[in-house]
Amino acid sequence: MTDHPQELPEPRSPIQRYFAGLAENTFHSQLGVVDPPMIDYLTDLLIRSIRSDMVHRIRSVTGKPLTSVHEMVAEASERLGDAKRELHLHIGDFTLFWAGIYPEALRGEHESSSKFETYCAFGKRSYRIASEIEAATKDAPPATLLERLSDRYDLCCYGLREVRRQWESGGDEEFGPGSILLN
């Protein structure tokens, strides 16, 4: 018996289990990517992004919500230390969510793919910058994970598109709609 009992993980909600199952299936089975910390991070990104107030939680020093990537990048250039890391992490997450889950929103009918490519470039760069700034808290994502998100950004975008395709089809195509259980 140990002096310090192990901390049990927090129970996961049905939506957390659902997204975790979709992400694990997509990345492990379909793409052959076995990187549990990265897949857990992407699952958490999906959960955090469900609420629009989390997607648009970053504000300027004057309190104005920053809703465009260009505004966020400009604001990040004015920040230092952990505030700069947090903002670049948010830019990476924001762009990865939109480029991965809703790429059609970045590729209008009459537009070139330049907006999509710009989003991806900002996302890759922001994860890289965040990885180079020391985290102020121990629960912050580690630099090595952020480096992998930068290096594998395009793969993560593709994987998230596959996750969306699965949830829209109702589950695992091999077993039919609704086969992914939420219990």
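The values are calculated or read from the model by the stated rules, or taken from the named source; none is laboratory data. All values derive from a computational prediction rather than experimental measurement. No Cβ is skipped: glycine too gets one built from the backbone with ideal geometry, and neighbour counts run over all protein chains shown.
Only residues that are outside any loop (DSSP other than H, G, I, E, B) and either surrounded by fewer than 19 Cβ atoms within 10 Å (Cβ to Cβ) or touching a Ser or Thr at 6+ places or on another chain (Cβ under 6 Å) (or both) were counted in segment 31-40, giving 3.
Return a yes/no flag: does segment 104-118 have any residue that is buried (at least 18 other Cβ atoms within 10 Å of the Cβ) and at pLDDT 90 or above.
no
For every residue, the table says whether it meets (1) among the hydrophobic types (A, V, I, L, M, F, W, C); (2) at pLDDT below 90; (3) under 17 Å from the mean Cα position of the chain (by Cα); (4) closer than 25 Å to T144 by Cα.
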| residue | (1), (2), (3), (4) |
| --- | --- |
| D3 | no, yes, no, no |
| F19 | yes, no, yes, yes |
| Q30 | no, no, no, yes |
| T43 | no, no, yes, yes |
| I47 | yes, no, yes, yes |
| I50 | yes, yes, yes, no |
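Against the definition (under 20 Å from R128 (Cα atoms), surrounded by 12 or more Cβ atoms within 10 Å (Cβ to Cβ), in contact with a Cys (Cβ under 7 Å, 6 or more places away or on another chain) and modelled with pLDDT of 95 or more), how does L89 come out, yes or no? So L89 does not fit the description; no. The set of residues in segment 43-72 that are touching a residue at least 12 places away in the same chain (Cβ under 8 Å) and part of a loop (DSSP other than H, G, I, E, B) comprises I50, R57, I58, S60, V61.
The C-beta contact set for segment 13-34 (first residue closer than 20 Å to R51 by Cα, second residue basic (K, R) and at pLDDT below 95, distance under 8 angstrom, 6+ apart or interchain) comprises A20/R12.
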